[in-house]
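The values are calculated or read from the model by the stated rules, or taken from the named source; none is laboratory data. No experiment lies behind these values; they were computed from the predicted model shown. Here the Cβ is made from the backbone with ideal geometry for all residues, glycine too, and neighbour counts use every protein chain on show.
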Amino acid sequence: MSENRCALITGITGQDGSYLAELLVSKGYEVHGLIRRSSTTTTGRIAHLMDAAPGPGSVELHYGDLSDSIGLNTLILDIEPDEIYNLAAQSHVRVSFDKPLYTMDITGVGALRILEVARQLARRKEVRVYQASSSEMFGAAPDVPQNEFTTFRPQSPYACAKVYAYYQTINYREAYDLYACNGILFNHESPRRGEQFVTRKITRAVGRIMHGFQDKLFLGNLDAKRDWGYAKDYVEAMWLMLQQDEPDDFVIATGESHSIRDCLEIAFDRVNLNWEDYVEIDPRFFRPTDVSFLQGDCSKARESLGWEPSTPFEELIRIMVDADCDLAARERALEDMNANTDPRK
Ligand code: NDP
Ligand code: GDR
């Protein structure tokens, strides 16, 4: 079914975009990615996918921005994708408190811009849309675990923007019969996770401490609990959602919840260090309101999509620590080589 299919991924340079692009390429899709023009290279996570000639199994990049309706219209109506995965967002929760309007424009209204073009394209051909919704939408919801029926209580500008995009997605499905799905994904991590998110910040610090680049790690709230899974598993769920007979919304989670302290314990244990010797609390990393507890129930996805999480939390953190120790070792070797070849020595 997926042969010769064409997909557009917004946010292809991000963690999820890179894993999803890999998955779709492996299935023979012609993949198009939206990227922002930047003075520095942002394609590091997908560089290994850029060699194939245009056509099935290839990735082609196009400049664009979720703020630019006309650019999105032109691009999408030109490419005519069968599937659109809207992963682009201002995705950092704490940053959304500093930039609430920008976050709403990109993370909220950006999704509406995509839906609106998809509605136009759907007049010509079938198109399916995946919207990257988030467990952050549950926020302060008292129900545990959270599932597709849990009421949203968003606690950040980011979460409010995602709730807006969530309801727009459902409204386009109901009002225009558009095939549009919300994947309500709980936190998912990997060695490709952005370094500003807490798990990667921790595992990156472990690697850098081991190789003498830093000796302290400054963090905020250590008591928050999250349901953390492996990003590679989660992009499979995105694809599965767009392969069903009927569009629907699904929670994707592991069903387990752990604190930042648990994460520190596992990460530092991996290299036989005690996290309490390195971690300091820095008020800069606290949020005006912070979601304290998330734990997902993905029974619906298990039953309807046949999706299962494959990687337990401990294993995920160890994978990330090992990758970050390797990365820091390469950085150390490069630094030593540069020091040895410094002509001033
Ligand atoms: P990342 O932060 O790693 O990637 C975000 C992507 O969005 C990047 O490619 C970024 O481009 C792009 N982007 C940002 N702003 C714009 C813009 N104005 N126009 C076009 N592209 C833009 O996020 P993840 O991969 O972790 O997450 C993917 C999506 O899933 C996001 O929408 C996120 O909110 C959501 N989500 C993530 C979860 C997680 O745990 N990872 C859980 C639930 C939802 P650039 O490289 O140029 O910055
Ligand atoms: P989150 O992830 O806000 O859940 O959003 P993040 O890793 O940023 O924070 C998780 C928890 O850790 C606490 N924390 C810190 N967080 C960061 N980033 N930096 C710190 O130094 C720090 N110290 C403690 C936070 O307060 C929070 O409680 C992620 C993003 O990927 C969203 O886009 C996505 O929607 C949700 O996951 C599900």
**Asked** Which ones in segment 213-229 are part of a loop (DSSP other than H, G, I, E, B) and either touching a strand residue (DSSP E or B) at 6+ places or on another chain (Cβ under 8 Å) or more than 9 Å from ligand 2 (Cβ to nearest atom) (or both)?
**Response** F213, Q214, D215, K216, G220, L222, D223, A224, D227, W228
**Asked** For segment 125-150, how many residues meet the condition of being closer than 23 Å to L112 by Cβ and touching a strand residue (DSSP E or B) at 6+ places or on another chain (Cβ under 8 Å)?
**Response** 13
**Message:** Being under 23 Å from L185 (Cβ atoms), in contact with a Phe, Trp or Tyr (Cβ under 6 Å, 6 or more places away or on another chain) and not hydroxyl-bearing (S, T, Y) is the filter here; which residues of segment 91-119 pass it?
**Reply:** V93, G108, L115
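Residue-by-condition table, conditions (1) in contact (Cβ under 8 Å) with a residue 40 or more places away in the chain; (2) farther than 19 Å from L185 by Cβ; (3) part of a helix (DSSP H, G or I); (4) within 16 Å of ligand 1 (Cβ to nearest atom):
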{"site": "E280", "(1), (2), (3), (4)": "yes, yes, no, no"}
{"site": "R287", "(1), (2), (3), (4)": "yes, yes, no, yes"}
{"site": "V291", "(1), (2), (3), (4)": "yes, no, no, yes"}
{"site": "W307", "(1), (2), (3), (4)": "yes, no, no, yes"}
{"site": "E314", "(1), (2), (3), (4)": "yes, yes, yes, no"}
{"site": "V321", "(1), (2), (3), (4)": "yes, yes, yes, no"}
{"site": "A328", "(1), (2), (3), (4)": "yes, yes, yes, no"}
{"site": "R332", "(1), (2), (3), (4)": "yes, yes, yes, no"}
**Request:** Kindly establish whether R94 is surrounded by 15 or more Cβ atoms within 10 Å (Cβ to Cβ) and within 16 Å of ligand 2 (Cβ to nearest atom).
**Result:** yes
**Item:** Selected residue [in contact with a Cys (Cβ under 6 Å, 6 or more places away or on another chain) and crowded, with 16+ Cβ neighbours inside 10 Å] from G220, G207, G229
**Value:** G207
**Asked** Do we have any residue at all in segment 75-83 that's surrounded by 14 or more Cβ atoms within 10 Å (Cβ to Cβ), more than 30 Å from F186 (Cβ to Cβ) and in contact with a His (Cβ under 8 Å, 6 or more places away or on another chain)?
**Response** yes
**Complete:** Here the residues within segment 173-201 that are touching a residue at least 40 places away in the same chain (Cβ under 8 Å), away from ligand 1 (no atom under 11 Å from the Cβ) and touching an Asp or Glu at 6+ places or on another chain (Cβ under 8 Å) are Y179, C181, P191
**Message:** Restricting to segment 140-190, give me the number of residues that are buried (at least 22 other Cβ atoms within 10 Å of the Cβ) and charged (D, E, K, R).
**Reply:** 2
**Message:** Against the condition touching a residue at least 12 places away in the same chain (Cβ under 8 Å), in a loop (DSSP other than H, G, I, E, B) and either hydrophobic (A, V, I, L, M, F, W, C) or not assigned by TED's automatic domain parsing to the domain that holds R173 (or both), how does L264 come out, does it pass?
**Reply:** no
**Request:** Go through (1) within 11 Å of ligand 1 (Cβ to nearest atom); (2) part of a loop (DSSP other than H, G, I, E, B); (3) touching a strand residue (DSSP E or B) at 6+ places or on another chain (Cβ under 9 Å) one by one and return the number of the condition Q243 breaks.
**Result:** (1)
**Request:** Determine whether L66 is more than 10 Å from ligand 1 (Cβ to nearest atom) and either crowded, with 19+ Cβ neighbours inside 10 Å or aliphatic (A, V, I, L, M) (or both).
**Result:** no
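Has segment 316-329 got any residue that is loosely packed, with under 14 Cβ neighbours inside 10 Å, over 27 Å from E136 (Cα atoms) and either of a type in the set (V, I, T) or outside the structural domain of F149 (by TED's automatic domain parsing) (or both)?
yes
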**Message:** All but one of (1) more than 26 Å from Y19 (Cα to Cα); (2) modelled with pLDDT of 95 or more; (3) surrounded by fewer than 22 Cβ atoms within 10 Å (Cβ to Cβ) hold for D249; state the number of the condition that does not hold.
**Reply:** (1)
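Here's the yes/no breakdown for (1) in a helix (DSSP H, G or I); (2) within 12 Å of ligand 2 (Cβ to nearest atom):
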| residue | (1), (2) |
| --- | --- |
| A132 | no, yes |
| F149 | no, no |
| P154 | no, yes |
| Y167 | yes, no |
| R173 | yes, no |
**Asked** Which residue out of P56, P100 is under 24 Å from Q244 (Cα atoms) and either more than 10 Å from ligand 1 (Cβ to nearest atom) or not assigned by TED's automatic domain parsing to the domain that holds L20 (or both)?
**Response** P56
**Prompt:** Within the bounds of segment 82-92, is there any residue that is more than 17 Å from the chain's Cα centre (by Cα), among the aliphatic types (A, V, I, L, M) and under 30 Å from S135 (Cβ atoms)?
**Reply:** no
**Item:** Candidate set: segment 175-212, residues that are small (G, A, S) and within 15 Å of ligand 2 (Cβ to nearest atom); chosen: the one farthest from V127 (Cα to Cα)
**Value:** A205
